[in-house]
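*Asks:* Mind looking over this structure? Questions follow.
The values are calculated or read from the model by the stated rules, or taken from the named source; none is laboratory data. Because the structure is a prediction, the values reported are computed rather than measured. Cβ placement follows ideal geometry from the backbone for every residue including glycine, while neighbour counts extend to all protein chains displayed.
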Amino acid sequence: MFLSEVTNQAGTFFHLVPWAVLFPVIGLVLNMAFGRRWGEKGVALVAVTASGLAFVVAVLLWLSLRAHPEGAVIQVASWMTLVQVDWAFRVDTLSVTMMLVVGGVGTLIHLYAVGYMHYDVRYKGDPGRYSRFFVFLNLFIAAMMILVSGNSYLMLFVGWEGVGLCSYLLIGFWFEYDTHGRPSVANAQAGNKAFIANRIGDFGFMAAMFYMFAVFGTLNFDRIFAEAPAVAHSHPQALLVITLLLLLGVTGKSAQIPLYVWLPDAMAGPTPVSALIHAATMVTAGVYLITRSHVLYDLVPAAQHTVALVGALTALFAATIAVGQYDIKKVLAYSTISQLGFMVAAAGVGAYVAAMFHLITHAFFKALLFLAAGSVIIAMERAHHPLPEEGGHDAHHGEDPEGFDPQDMRYMGGLRKVIPVTFWTYLIAGLTLAGIPPLAAFFSKDEIIAETKAAYPLVYWLLVAAAFLTAFYIGRQIFLVFFGQPRSHAAGHAKESPWTMTSVLVTLAALAAAGGLLNWPQPYLAAWLGHTLGEVEAAGLNPVVAGTSATIAVVSLLLAWWLYGRRPLPTPETPDPLKALLGPIFRGMEAKWWVDELYWAVVINPYMALCRLSAAFDVWVIDTAVNDAAWLTDFVGELVARWQTGYVRNYALSIFVGVLLIFTYLLWR
Amino acid sequence: MVSTNYVLILSATLFIIGVAGVLTRRNALVIYMAVELMLNAANLAFVAFASAFGALDGQIAVFFVMTVAAAEVAVGLAILVTIFHTRQSVDIDSLHQLKG
Amino acid sequence: MTASMFGVWALKAVILIVILLTGFAYATYYERRAIARIQARIGPNRAGPWGLLQPVADGVKLIFKEEFIPAKADRVLFTLAPILVAVPAFMLGAVVPWGGEVPFFGRTVHLYLADVDVATLYIMAVGSLAVYGIVLAGWSSNNKYSLLGGLRSAAQMISYELAMGLALVGPILLAGSMSLVKIVEAQKSIWYIVYQPLAFVIFVITAFAEINRPPFDLPEGEQELTGGYHTEYGGMRFALFYMGEYIKVVVMSALIAALFLGGYNGPGVEAFPWLGPVYMFVKILVLVFFAIWTRATLPRLRYDRLMAFGWKVLFPLALLNVFLTAIGIVVLGG
Amino acid sequence: MSIDLLIFLGLALVAVGAALGMLFSRNTVYAVLFLVLVMLVLAVLYLILGAPFLALAQVTVYTGAIMVLFLFAVMVLGPQKLAEGEGPISWQRPWAFGLTALFLVEVVYAFAARVGGLGKLTCATAAAGSPAAIGKVLFNQYLLPFEVTSVLLLVAAVGAVVLTRE
């Protein structure tokens, strides 16, 4: 295919946008049909190619957009003519930015998963599930592409539900185990939790859509945004309700207070899933939704304040919990929630470019963190009980103590010497997260903080505190995992992961380190997104804020060093040094502030009680009524059945008597 | 000509004789014939009305009744023959298995 | 409805019956002589010149023969059955136009008993009644051969009547009327056998079947059923069956002539109306000879083949004929 | 008493008598013949009522086809003489006769005393019931029912063949 053939008259690739969805769909269909026959290499090739082609499409769109920044709407087919929803794709700078992130990070993680899942399916003892994983992964890419490229809220919702489904499927990928690989329903329950929490958010989204349709008569982005100012003037309450309902959807998908509880449990999925779905892409859908709906939010300051407050509170709250966790992935999960809080807060104060900037850099470094953590976990696993092909045998459980958990940081330590590539990439990612200049997140996070400072002081202080804790917990994690002496046999004998995994780590590390160049020193991203978001002022680098936050990060890291790096923990059983320092507060952090328990007590248990009550009502009242009705019918039937003698002539006589009666009545009348 | 009512009375009488045949006879064939008699009685009424109102529709109705009667007899007699083959009888009272 | 009309009708009816009875008598003579010729015999030639009084002799013999009824027979139906065979045969003659309008002692007379609007339907109706006589004769004799003959007759008639009725549709469509008189009048220039050869063939075959003539004489079938439905009959009752059959041969010949061979039409009929009955007589003579010829030539059909032939060959062909005729009329504008 | 009424009463008497004969005859063959008689009388009545086409159709279809079929069936199945009234539901017989008699009385009363308005029958003109007139109505106004009936006949024929197959 020559470029001249795939471009249209205007010389753009805009009409290629459906292929961003179709390539992953083709990939998943092929793998569904032939995956078991092709083996791991074939499956991997198809899946990675499908995802890679979707990324190529995104790149082509980006190239076209450089020349035609106004974008285009590509209509594929009409869908529901009654509500005027078409199956149409929207190509503009915002959607293509998201597509680049999804396609790029997605492809890298596909590549990583090729190696990772090779070990994972063997540790879990079901190699046949390899192809299923990539089918789900491709499905996720397709759904995410629909989400970011839809031209209406309904199309967005289709993708929204699609990624939710993939999230559910992948969290419960090992549905018959728990996170430690023991037979259990824990993983399945984690999937359910994510699904149900998301349903609550979806309820908000759907209610918002219904209300939008009632108010605007359409779900099309352009028409809604065009009419929004007029509506804001005539029905300000309507817009407030719509934006708050959308916020409910955002809290579900982007794991904000109060619906964030599903995300930590979602770590039950394989690590590439955590990286791709629960850190880099899907959870940012909420941020994308707010950014996409910026016209609506800009018109309702009250909703904006709510959004900012929710984001900031989430950022701080999740950061505190992250400090008290031992599971390497749980720390990253709460970190993700916290960072999402940053983005939501930025969107709340109208700093959409900052939010998108952080979204991109976060996609790089958080994906990297998760993948590196996965590399750590796999290394621990492999050292703990090597596969037969690597000279181990199945029943071998090494010399590790009882209660060993390859994800528990207390059993790690000193890993920087045995898995150096993972260590260095992890270090870069960690420093990025902490906000050390000149790494990417330093710029993006500082831009958020700088924007909030001017707009909303309370949010500003909350975010600063969260940034402090962020640097601290990531420092704590790095010191616990990579420094000091190995605290288990596995940690001492870990092996570096294969090149398919490490090369991805290195690539992402480069991106995480250099990602800041997107918006600094030239506000390239701001100008780019400005085509879609309207004229946005580029905040630039505020020297005061930047200096302050860099200082905070360094101080915080030093504190972490003082606590964990200066005197590393000698054994897994040693209590956390922070426990002595903070006492009951640390207990709260460790126990996630008992939020889950609170939900159980306040929502779930009463609900279950109501269910039991309904069940009792069903058994005692409804069933009894139904049974008695059946008995009555039976009884009457027994009585009347005697009428049915089986003699045709009797029936004829009955009919005749009826005729006679009617005729007599007519005569009598 | 005679009053329409006379023809109708004749029609009704024939019809009721048909009804009596269905109700009292046990031979399935005779019951069929009684049904045919009822149809014929109805036909007579149709023709009488067609004549009384000077419209052809009554006669057309008779036409259709005849056709339906022919179809009914074809199937009915086939059923009877089949029943006779299995039970060696055309006694309709011997078919009373379907009862409550 | 005047008395004189009744008088004319009564007179015509009596003359018709006499003609038909004579026709019956001499049809038997005709058949016996013709078959004898075909079989290289002489045939009856003793009673009267050329044996012309033979039918009279036969009649006298049958009248004086002793009548008996089988012991277990149903006496009422046994007596009724021959009458039911003979009467419809006479009734059929009523609608046949034997000639056109002729002058007769100063007044114009129609040489038919009735010009019924629905004459062809009348033929079907009356023709179908004859089967009762045969079936009842077979049943009331209380003889299994007779019963089989009666049943065969019923089955045969039902299978052939459909094709016969459909064959009638062709001439009806062409003439635009069900009246035989109108159909004959419509053939003044061209006989319908030209337009309707297929219908003609079908009608002839079914007419033979209808009157149980060979090769369709299965209800009688001497060799199989020892005489079939009239095994137990003798004397005048038997003569009635015979009468019914031969009158029907004559009447059916007349019908075929009227429907397909122009009826009483022929050269010079306009000028001399009395030529009409003469032409009719000639045509009937030829057709009756054809029937005799067939009997002398063809063997009897097997029962199942007879049914199959009726349902699977004649019936579809007759349908096809109706179809083609209708199309032809529409395309060629009648 | 006019001659028309006389003729009608005579025919009616024959029809009712034959119908009763069918009702009470033990012999099925006689029942068939009585019914044939009823139908022939009805055909004559149709003629009088100005429906010559129907009259002959009645003879052709009912007596010529349907009743022959009945006769055929009776003979194939054997004219079984069932002991009437001795059956398992002998109580039905008196009830049936009583109720039908009551019904008859009511109907006659209704037509004789209550329904007055129909008046004398018009003497039919020759054209009214002719084949042409019937054909025009049948194939214009009642074309769809006619076609449906043809399908019904086809189905019935197929059904009869299937039912009686060995």
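*Asks:* Condition check: out of contact with any helix residue (DSSP H, G or I) (no Cβ under 6 Å at 6 or more places or on another chain), of a type in the set (Ser, Thr, Tyr) and touching a residue at least 12 places away in the same chain (Cβ under 8 Å). Does A:THR97 satisfy that?
*Replies:* Yes, satisfied.
*Asks:* Show the residue pairs that are 6+ apart or on different chains and have beta-carbon atoms under 9 Å apart, the first residue being within the range D:139-166 and without any contact (Cβ under 8 Å) to a residue 60 or more places away in the chain and over 26 Å from B:LEU80 (Cβ atoms), the second being among the basic types (Lys, Arg) and surrounded by fewer than 13 Cβ atoms within 10 Å (Cβ to Cβ).
*Replies:* none
*Asks:* So which helices (runs of 4 or more DSSP H) stay within the range A:547-643 end to end and still have 1 or more residues that are more than 34 Å from the chain's Cα centre (by Cα) and among the charged types (D, E, K, R)?
*Replies:* Correct list: A:623-641.
*Asks:* A further question follows. Please tell me if A:LEU139 is touching a Cys at 6+ places or on another chain (Cβ under 7 Å) and either modelled with pLDDT of 90 or more or surrounded by 18 or more Cβ atoms within 10 Å (Cβ to Cβ) (or both).
*Replies:* Criteria met by A:LEU139.
*Asks:* Residues C:GLY133, C:GLY170, C:GLY149, C:GLY165: which one is within 11 Å of chain D (Cβ to nearest Cβ), part of a helix (DSSP H, G or I) and not aliphatic (A, V, I, L, M)?
*Replies:* C:GLY165
*Asks:* Right, next: Could you list, in sequence order, the residues of the range A:608-627 that are closer than 30 Å to A:LYS193 by Cα and surrounded by 11 or more Cβ atoms within 10 Å (Cβ to Cβ)?
*Replies:* Of everything in the range A:608-627, those that are closer than 30 Å to A:LYS193 by Cα and surrounded by 11 or more Cβ atoms within 10 Å (Cβ to Cβ) turn out to be A:MET608, A:SER614, A:PHE617, A:ASP618.
*Asks:* List the number of the failed condition for B:ALA55; all other conditions in (1) more than 7 Å from every other protein chain (Cβ to nearest Cβ); (2) in a helix (DSSP H, G or I) hold.
*Replies:* Going through the list (1) more than 7 Å from every other protein chain (Cβ to nearest Cβ); (2) in a helix (DSSP H, G or I), B:ALA55 breaks only (2).
*Asks:* Sticking with this one: How about the range A:157-206: which of its residues are out of contact with any Phe, Trp or Tyr (no Cβ under 6 Å at 6 or more places or on another chain) and aromatic (Phe, Trp, Tyr)?
*Replies:* Result: A:PHE157, A:TRP160, A:PHE173, A:TRP174, A:PHE175, A:TYR177, A:PHE203, A:PHE205.
*Asks:* Residues to consider are C:PHE238, C:PHE272, C:PHE289, C:PHE281; find the one that is at pLDDT below 85 and either part of a helix (DSSP H, G or I) or touching a strand residue (DSSP E or B) at 6+ places or on another chain (Cβ under 7 Å) (or both).
*Replies:* Result: C:PHE238 is the single residue among C:PHE238, C:PHE272, C:PHE289, C:PHE281 that is at pLDDT below 85 and either part of a helix (DSSP H, G or I) or touching a strand residue (DSSP E or B) at 6+ places or on another chain (Cβ under 7 Å) (or both).
*Asks:* Could you check D:PHE24 against (1) closer than 18 Å to C:ASP74 by Cβ; (2) surrounded by 22 or more Cβ atoms within 10 Å (Cβ to Cβ) and say which number it fails?
*Replies:* Looking at each condition in turn, D:PHE24 falls short on (2).
*Asks:* Turning to a different aspect of this structure: Looking only at the range A:631-669, which residues are facing chain B (nearest Cβ under 10 Å) and over 24 Å from D:TRP91 (Cβ atoms)?
*Replies:* Result: A:GLY637, single match.
*Asks:* If you scan the range D:133-149, which residues turn out to be within 8 Å of another protein chain (Cβ to nearest Cβ) and among the small types (Gly, Ala, Ser)?
*Replies:* D:ALA133
*Asks:* Next question, about the same structure. Output the number of the condition that A:LEU219 fails; it satisfies all remaining conditions of (1) at pLDDT below 90; (2) within 21 Å of the chain's Cα centre (by Cα); (3) surrounded by 23 or more Cβ atoms within 10 Å (Cβ to Cβ).
*Replies:* Only one criterion is unmet by A:LEU219, namely (2).
*Asks:* Here's something else I'd like to know. The conditions are (1) over 14 Å from the mean Cα position of the chain (by Cα); (2) surrounded by fewer than 19 Cβ atoms within 10 Å (Cβ to Cβ); (3) not in a loop (DSSP other than H, G, I, E, B), and A:LEU165 fails exactly one of them. Which is it?
*Replies:* Of (1) over 14 Å from the mean Cα position of the chain (by Cα); (2) surrounded by fewer than 19 Cβ atoms within 10 Å (Cβ to Cβ); (3) not in a loop (DSSP other than H, G, I, E, B), only one is false for A:LEU165: (1).
*Asks:* In the list B:ALA20, B:ALA28, which residue meets the criterion of being closer than 22 Å to D:MET22 by Cβ and either at the interface with chain D (Cβ under 7 Å from one of its Cβ atoms) or touching a Cys at 6+ places or on another chain (Cβ under 7 Å) (or both)?
*Replies:* B:ALA20
*Asks:* Check D:LEU23, D:LEU42 and return the single one that is part of a helix (DSSP H, G or I), within 21 Å of B:VAL30 (Cα to Cα) and more than 13 Å from the chain's Cα centre (by Cα).
*Replies:* None of the other options fit; the residue is D:LEU23.
*Asks:* Can I ask one more? Can you pull out every residue in the range C:43-73 that is part of a loop (DSSP other than H, G, I, E, B), of a type outside the set (Lys, Arg) and surrounded by 13 or more Cβ atoms within 10 Å (Cβ to Cβ)?
*Replies:* Those that are part of a loop (DSSP other than H, G, I, E, B), of a type outside the set (Lys, Arg) and surrounded by 13 or more Cβ atoms within 10 Å (Cβ to Cβ): C:GLY43, C:PRO44, C:ASN45, C:ALA47, C:GLY48, C:LEU52, C:LEU53, C:ILE69, C:PRO70, C:ALA73.
*Asks:* Follow-up question, since we're still on this one. Can you tell me which residues in the range A:192-207 are buried (at least 23 other Cβ atoms within 10 Å of the Cβ) and not aromatic (Phe, Trp, Tyr)?
*Replies:* Across the range A:192-207, the qualifying residues are A:ALA194, A:ALA197, A:ASN198, A:GLY201.
*Asks:* Please go through the range D:9-21 and give me each residue that is surrounded by fewer than 18 Cβ atoms within 10 Å (Cβ to Cβ) and either at the interface with chain B (Cβ under 9 Å from one of its Cβ atoms) or among the aliphatic types (A, V, I, L, M) (or both), ordered by number.
*Replies:* Residues satisfying the conditions are D:LEU9, D:LEU11, D:LEU13, D:VAL14, D:VAL16, D:LEU20.
*Asks:* Picking from B:VAL81, B:VAL73, which residue would you name as being buried (at least 21 other Cβ atoms within 10 Å of the Cβ), away from chain A (no Cβ under 14 Å) and in a helix (DSSP H, G or I)?
*Replies:* B:VAL73
*Asks:* Is at least one residue of the range A:120-134 of a type outside the set (Lys, Arg), farther than 28 Å from A:ASP596 by Cα, outside any loop (DSSP other than H, G, I, E, B) and touching a His at 6+ places or on another chain (Cβ under 7 Å)?
*Replies:* Checking the range A:120-134: not a single residue is of a type outside the set (Lys, Arg), farther than 28 Å from A:ASP596 by Cα, outside any loop (DSSP other than H, G, I, E, B) and touching a His at 6+ places or on another chain (Cβ under 7 Å).
*Asks:* Sticking with this one: Sort through A:VAL43, A:VAL85, A:VAL57, A:VAL76 and tell me the only one that's modelled with pLDDT under 85 and crowded, with 17+ Cβ neighbours inside 10 Å.
*Replies:* Criteria check complete, one pass: A:VAL85.
*Asks:* Now for a separate question. Looking at this structure, is B:LEU10 assigned to a helix (DSSP H, G or I), more than 11 Å from chain A (Cβ to nearest Cβ), closer than 30 Å to A:TRP643 by Cβ and in contact with a Phe, Trp or Tyr (Cβ under 9 Å, 6 or more places away or on another chain)?
*Replies:* Criteria not met by B:LEU10.
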